[in-house]
1. Do the alpha carbons of any pairs in LYS35/LYS321; LYS125/LYS256; LYS296/LYS375; LYS3/LYS211; LYS125/LYS189; LYS256/LYS296 sit beyond 32 Å of each other, and which pairs?
2. Less than 18 Å from a label point 7 Å out along the Cα-to-Cβ axis of PHE322: which backbone N atoms in the stretch 235-272 qualify, by residue?
3. Using alpha-carbon positions, what is the distance between the centroids of the stretch 252-271 and the stretch 47-121, in Å?
4. Using a simple charge model, +1 on the beta-carbon of Lys and Arg, -1 on the beta-carbon of Asp and Glu, nothing else, what dipole does the stretch 252-333 show about its Cα centre, in debye to the nearest 20?
5. Name the longest site-free stretch of the chain, where the excluded sites are GluC sites (Glu not before Pro) in a DSSP loop with no more than 13 other beta-carbon atoms within 10 Å.
6. Residue by residue through the stretch 77-84, what is 3J(HN,Hα) from phi via Karplus (6.51 cos²θ - 1.76 cosθ + 1.60, θ = phi - 60°)? Round to whole Hz and write x for glycine and proline.
7. Where only protein heavy atoms count, and the probe is 1.4 Å, what is the accessible area per residue for the stretch 25-171 in Å²?
8. Which entries in the list LYS75/LYS192; LYS118/LYS195; LYS9/LYS80 go over 21 Å, if you measure between the two C-alpha atoms of each?
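The values are calculated or read from the model by the stated rules, or taken from the named source; none is laboratory data. It should be emphasised that the depicted structure is a prediction, and the values quoted were computed from it without experimental measurement. Every residue, glycine among them, receives a Cβ derived from its backbone with ideal geometry; neighbour counts consider all protein chains shown. With ligands, DNA and RNA removed, areas are computed over all heavy atoms of the protein, side chains included. Shrake-Rupley method; radii C 1.70, N 1.55, O 1.52, S 1.80 Å.
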Amino acid sequence: MTKPLDGIKIIDFTHVQAGPACTQLLAWFGADVIKVERPGSGDVTRNQLRDIPDADALYFTMLNSNKKSLTLDTKKPEGKEVLEKLIRESDVLVENFGPGALDRMGFSWERLNELNPKMIVASVKGFSDGHHYDDLKVYENVAQCAGGAASTTGFWDGPPTISAAALGDSNTGMHLAIGILTALLGREKTGKGQKVAVSMQDSVLNLCRVKLRDQQRLERVGYLEEYPQYPHGEFGDVVPRGGNAGGGGQPGWVLKCKGWETDSNAYIYFTIQGHAWEPICKALGKPEWIDDPAYKTAEARQPHIFEIFKTIEGWLADKTKFEAVDILRKFDIPCAPVLTMKELANDPSLRASGTIVEVPHSKRGSYLTVGSPIKFSDMKPEVTASPLLGEHTDEVLASLGYSKQDIFNLREVKAV
Ligand code: CAO
């Protein structure tokens, strides 16, 4: 079956997570992604947090499926020559090196554009070009702090907190993928490539959009009525951390279920959606709350929202998180169990949809990974194993016109 990105050749000059997440997505959709790695070592994640000696770590395998691996020392003249050939016939180059690394290697945007004016050059950096921090190297948690996620996550009496979700890394990679696809469509009209740049700070901030909303509301009215601090607590002049409160206009909280004393994930998230108040009261066996003026409107409920949550926890005390959701779903109440990674890994629905997939690997045996979260009616993205270091070096070099002797010579000078 042909895939939408069949025929698109991508030089994948990425490492760690932000860049690889982007190119992996494009590979699932059919692009020919050639990962260029330093001979001998490759992407640092091949070795990071290994669970099996001598086999690529899961950190690598889970971010580099469906790709080819070409080892190439792009600081050696022989390696640069190979890269130039590859650039002349590729559609996209993606990189997430530290600031200035590509320029120092001799491949500035101007040079790349001169070698192949149709090529799209896509970059991830910690901060955008011209930002006063644009010389900084950045990892996930640094980006979460710089993009506003950390100052607004956690509890009001605790420190700024990092989310486990890769808001700085994979999220930035997804932004970059959108940028690349847009530039590819643009090229159809203009025939020209362009530079696409995404910063981790900007990508985190994009997901913290509603917190910037709250900052402006706070400055205008002095309080935020959906935060736990309202109406009994104090507001300062910056958006506070709101614990597990809902970010929109629907109050919600993480509530204890049966077994919470011994199981740290025996919880559900419960949302009190305005128009669902009546079914909530019915589900809880509290029909008298439906028309009680102290409970009837969201405004009336807010001063004692935590008493309401306590009452719901009383109702939940003899129900597991799964039993509770099975009852509440019948009343159309937005809620979910707090699921562990173990539960997600074994979830039959996620297996059936291809969101959790088992991938055979020549060195590791099979491993689990997260497949495409994007589903199509005409295509089911298939996940294949990540490449071994240099697995496709000969194949790629031969496709560029190098003979067996040329390849031998490149190996002799340690350029591949
Ligand atoms: N052949 C020869 N040299 C190579 C090479 C190859 N195939 N591939 C990479 N290199 C060289 C680069 O040229 C660079 O050398 P110089 O620094 O001498 O110019 C070096 O390897 C890579 O440097 P780096 O700054 O990218 O790597 P680092 O480990 O010091 O930093 C990171 C890692 C992630 C902090 C940095 O790359 C970065 O800030 N990237 C941008 C933001 C980003 O994507 N962060 C997300 C990472 S996921 O958490």
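1. Result: LYS35/LYS321; LYS125/LYS256; LYS296/LYS375; LYS3/LYS211 exceed 32 Å.
2. 257-269
3. The two parts, judged by their Cα centres, are 45 Å apart.
4. That gives the stretch 252-333 a dipole magnitude of about 140 debye.
5. 262-416
6. Karplus-based 3J(HN,Hα) across the stretch 77-84 equals x, 5, x, 4, 4, 4, 4, 4 Hz.
7. 45 Å²
8. Over 21 Å Cα-Cα: LYS75/LYS192.
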